[in-house]
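So the structure is just underneath, and the comments pick up after that.
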Amino acid sequence: MNESHGHQQPKTHTKILLTSLSAMVAETATFPIDLTKTRLQLHSSTTKPTNAFVVASEIIRQQGPLGFYQGLSPAILRHLFYTPIRIVGYENLRYLVVVNNEVGGGGGDLVSLSTKALLGGLSGVIAQVVASPADLVKVRMQADGRIVNQGLQPRYSGPLDAFSKIIKAEGFGGLWKGVFPNIQRAFLVNMGELACYDHAKRFIIQNHISADNIYAHTLASIMSGLSATALSCPADVVKTRMMNLAASKDGKAVYQSSYDCLVKTVRMEGLKALWKGFFPTWSRLGPWQFVFWVTYEKFRHAAGLPSF
């Protein structure tokens, strides 16, 4: 396990390819849960009470099984940027911290959980800024499914059409609508996911609970999934609602800012509304991280790279 914090600079280009492939596998496998989570979060107190199972049943009944993959292409496009930047960025930053510790007389194991949390959050913020336009298109296309169900025409015919119409109606900066709640969520989810996975896996292996294998990866991914969900769910609810706001004809919007969205959500729906979609969020993050980390670790091993 110590070699994962080894002395050689990691092969960044190889890791970028492996993280992209692993993310595509994980995203495709868990996308139906992500779609259900997004549709659930877009429900407000003005609509009848619902839950993840009701939303999923409606999707199957009205659109069939393929309805679960509405917006998959921009989601994969997003991960081609987002995942390599955050995963490889975190590992490279961790490597620099380890080198500095060793030069100062410390060791690789002295990278604290708080330091890992900071590195994970920073990597997530950088990655999200780059990937935010694709994330916006993904949310808009997922929300289009509800418009179709009401007998209306969808706003966008595909990812390219969505990019084009958003730029035309809202300007180039419109592609980064919701970027601030996006950044907040990215910091929290990566602080929970990367730091917890890294720390939990090392704890499991060093305490001989398991060797560096699929069992350790599974335990670590479950723990990091719960941590990431608990920290990020409120920001995720705000992010989803902000990003789904298209420019209105009179120029007015329901929410003026992410803070305004947060306050209005709590005022109108109660504090627990910030954790609306917690179960589908965790039920996606858990499987996503399991599929991603197991796939990524296997790819690394096949490529002759040390464990993450």
Candidate set: segment 171-195, residues that are free of Cβ contacts under 8 Å to residues at least 60 places away in the same chain and over 15 Å from the mean Cα position of the chain (by Cα); chosen: the one farthest from ILE222 (Cα to Cα): GLY171
Scan of segment 197-241 for residues that are among the small types (Gly, Ala, Ser) and assigned to a loop (DSSP other than H, G, I, E, B), ordered by number: SER210, ALA211
Residue within segment 71-93 that is exposed (fewer than 14 other Cβ atoms within 10 Å of the Cβ) and more than 25 Å from PHE278 (Cβ to Cβ) present: no
When residues of segment 156-206 are limited to those that are basic (Lys, Arg) and open to solvent by 10 Å² or more (accessible area, probe 1.4 Å), the one modelled with the highest pLDDT: ARG202
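Of everything in segment 289-304, what is open to solvent by 10 Å² or more (accessible area, probe 1.4 Å) and touching a helix residue (DSSP H, G or I) at 6+ places or on another chain (Cβ under 7 Å)? Give them in sequence order. Steps first, please.
We begin by selecting, within segment 289-304, every residue open to solvent by 10 Å² or more (accessible area, probe 1.4 Å); these are 290-291, 294-295, 297-299, 301-304.
Passing the criteria: PHE290, VAL291, VAL294, THR295, GLU297, PHE299, ALA303.
Determine which member of the set GLY151, GLY64, GLY124 is modelled with pLDDT of 80 or more, of a type in the set (Gly, Ala, Ser) and surrounded by fewer than 19 Cβ atoms within 10 Å (Cβ to Cβ).
Sole residue among the options that is modelled with pLDDT of 80 or more, of a type in the set (Gly, Ala, Ser) and surrounded by fewer than 19 Cβ atoms within 10 Å (Cβ to Cβ): GLY64.
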Residues located in segment 268-286, provided they are open to solvent by 50 Å² or more (accessible area, probe 1.4 Å) and either within 13 Å of TYR197 (Cβ to Cβ) or not basic (Lys, Arg) (or both): MET268, LEU271, TRP275, PHE278, PHE279, TRP282
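The values are calculated or read from the model by the stated rules, or taken from the named source; none is laboratory data. Model, not experiment: these values are computed from the prediction. Neighbour counts run over all protein chains shown; Cβ positions are idealised from the backbone, glycine included. To get the accessible areas, we keep the full protein, side chains included, count just its heavy atoms, and leave off ligands, DNA and RNA. Shrake-Rupley method; radii C 1.70, N 1.55, O 1.52, S 1.80 Å.
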